[in-house]
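> Once you've had a glance at the structure underneath, I'll fire off some questions.
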Amino acid sequence: MAKLKISNEWWTAPAEAENGQIIMVTGRRDMQAVKETGVYNTRIEVTWTYEPDANGMPSFSDSKLMEEANDAFEAAFGKDPVAVNTGIYTGAGERNWVFYTRSLHIFQRKLNEALAQMPVLPLLFYAEEDAEWAEYAEMCETEIADGDE
């Protein structure tokens, strides 16, 4: 079986939170091949709630730790794509990573391994079946196409 090609091309666009603050949405392009495998049916949202600045964004120290966590996620799931990070939302006091996974159990194990060398982080987890990738489709609607700027 051929190795699944997972895009590493990303886009970023602003969106608005319910409170009017800006949320920066970063999405991964070209996920159709991953979706079409039919095995990445569970969506997991990993949420980090932080003390926001006046614009709803994280402090410099929190943003550095968030990037370290992001790098750890990419390293862990890049080697063994039991899960694929499809989107990152930052703003209004939250950073949310969205993953689609083949296995909740293996996702949990690999996430714990990825974060083992980091301090304990204030992460909350939510999972639900999303075989149609509805969240991904909704997120992609925020992408600004060339010429729309």
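> Over 14 Å, how big is the tail of the calculated P(r) for segment 1-83, in percent of all Cα pairs?
75 percent
> Which of 84, 114, 131 sits farthest toward the positive end of the charge dipole of the chain, with +1 on the Cβ of Lys and Arg and -1 on the Cβ of Asp and Glu?
Farthest along the dipole direction, towards plus: 114.
> Exceeding 25 Å between C-alpha atoms, which entries from my cross-link table qualify? They are 5/64; 3/35; 35/64.
Violating the 25 Å Cα-Cα cut-off are 5/64; 35/64.
> Among residues other than residue 103 whose Cβ falls under 10 Å from its Cβ, what is the net charge (Lys/Arg +1, Asp/Glu -1)?
+3
> Related question: Counting residues in segment 28-140 as N, plug N into 2.2 N^0.38 Å and put the Cα Rg over that result.
For segment 28-140, the normalised Cα radius of gyration comes out at 1.06.
> Taking the Cα centre of segment 28-140 as origin, work out the dipole magnitude from +1 charges on Lys and Arg Cβ and -1 charges on Asp and Glu Cβ, in debye rounded to 20.
Using Cβ point charges on Lys, Arg, Asp and Glu, segment 28-140 gives about 340 debye.
> Suppose the chain between residue 104 and residue 21 were pulled fully straight at 0.36 nm per residue; how much longer would it get relative to their current alpha carbon spacing?
My answer for the length gained is 26.7 nm.
> Right, here's the next one. Hey, what number do you get for the chain at 222 nm if only DSSP H runs of n ≥ 4 count, each worth -39500 (n - 2.57), divided across all residues, to the nearest 500?
Calculated mean residue ellipticity at 222 nm is -8500 deg cm²/dmol.
> Modelling each spin label as a point 7 Å along the Cα-to-Cβ direction, I'd like the residue 79/residue 63 distance in nm, to one decimal.
3.0 nm
Read the figures in this text as sums done on the coordinates, not as results from a lab. The structure displayed is predicted, hence computed values, not measured ones. Ideal geometry is used to build each Cβ from the backbone, glycine not excepted, and the neighbour counts take in all protein chains shown.
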